[in-house]
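Structure record follows, encoded as structure tokens.
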Amino acid sequence: MTQPVLAVWTDFGGVLTPPISHTLAVFCERQGVAQEPLIDAILKVTASYGTDDVMLPIDTPLVTEQEWLAQIGELLRDDHGIDMHMTTLADAWFDGRELNKEWADRLRELRSEGLFVGLLSNMVPAWDAHWRRMLNPEGLFDDVVLSFEVGHRKPAREIFDLAVERSGIPAAQSLFVDDLAKNCDGAEAAGWRAIHFTDAQTAIKALNEQLGV
């Protein structure tokens with residue numbers, strides 16, 4: 001017999017916010033920078049750290065956000081003749097970013113019904129205060145597990161095992177919701193259930209099916 005879900009953990013970016021692609025498009029428009037050269041520079045910096053995971057260098061972190069942006073800026077100038085001087089991405093990235101209220105409201109309902117609700121996110125240290133202003137975790141989450149604080153990141157098993165340890169709820173009764181398939185795969189490899197988030201309505205329907213409601 002399948003054990004009931006007692007803990008629901010959610011990702012932040014792309015789940016509680018609009019898709020990353022949308023946020024990037026808005027950012028580039030405001031900065032007056034075309035997406036293609038910016039993405040090219042970011043991917044080259046990413047590869048220099050021996051990974052294809054764009055956020056890994058700054059949400060573990062291996063490098064500060066300021067240093068990372070300087071490396072991207074240098075490539076934009078050298079490869080594309082574009083000058084983009086930024087010491088922090090946080091203000092521009094989070095300014096006006098919308099909250100996925102439908103998903104947040106469903107999480108609040110679950111918590112009020114007695115389920116454990118947590119946030120499990122790969123997060124950049126410099127962005128911590130910004131997401132908290134966008135979404136106050138008090139009263140919504142029982143716990144918050146962030147990559148830069150715990151030294152592990154999705155999709156590695158260690159961060160899921162740590163979340164289980166902190167919630168006190170077994171992996172078999174824990175469910176994770178993320179917009180990246182590889183992170184859902186990581187959760188399932190750690191013994192969790194997972195829902196690949198594409199939009200709030202679809203995710204809520206899938207979650208309700210898992211909960212039997």
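The values are calculated or read from the model by the stated rules, or taken from the named source; none is laboratory data. Note that the coordinates shown come from a computational prediction; the quantities given were computed from them, not determined experimentally. So basically every Cβ, Gly included, is an ideal-geometry build from the backbone, and we count neighbours across all protein chains shown. All accessible areas refer to the heavy atoms of the entire protein, side chains included, with ligands and DNA or RNA removed. Shrake-Rupley method; radii C 1.70, N 1.55, O 1.52, S 1.80 Å.
Couplings for the range 78-85, taken from phi via the Karplus curve 6.51 cos²θ - 1.76 cosθ + 1.60 with θ = phi - 60°, read 5, 8, 10, x, 10, 9, 10, 9 Hz in order; Gly and Pro are left as x. For the range 20-94, the Cβ-based charge dipole about the Cα centre amounts to some 100 debye (Lys, Arg positive; Asp, Glu negative; other atoms uncharged). By the rule of a C-alpha distance below 25 Å, with chain neighbours fewer than 8 residues away ignored, the lysines paired with LYS44 are LYS154, LYS182.
Distance from the Cα centroid of the range 121-200 to that of the range 21-59 is 22 Å (rounded to whole angstrom).
Loop only per DSSP, at most 15 neighbouring Cβ atoms within 10 Å: give me the chymotrypsin sites (Phe, Trp or Tyr not before Pro) in the range 145-213, ordered by residue number.
none
For a straight C-alpha distance cut-off of 18 angstrom, the lysines reachable from LYS101 (same-chain residues fewer than eight places away being disregarded) are LYS205. Across the chain, the longest piece that holds none of the GluC sites (Glu not before Pro) lying in DSSP loops with up to 12 other C-beta atoms within 10 Å covers 1-97. Of the candidates ARG133, ARG193, ARG108, which one comes out as most mobile in a Gaussian network treatment of the chain with C-alpha springs shorter than 10 Å? In the Gaussian network model the winner is ARG133. The Cα-based radius of gyration and maximum Cα-Cα distance (Dmax) for the range 20-94 are 11.6, 30 Å. Helix 35-48 and the longest principal axis of the C-alpha atoms of the chain enclose an angle of approximately 80°.
DSSP bridge analysis restricted to the chain gives an antiparallel fraction near 0%, rounded to the nearest 5. Ligands, DNA and RNA are left out, and with a 1.4 angstrom probe the accessible area of the chain is 48 Å² per residue. Seen through its C-alpha gyration tensor, with square-root eigenvalues sorted a ≥ b ≥ c, the chain comes out prolate because a/c lies at 1.5 or above while a/b is bigger than b/c. Taking amide hydrogens as placed 1.01 Å from N in the peptide plane, the amide H of ALA194 sits under 5 Å from those of PHE176, each at least 5 positions away in sequence or on another chain.
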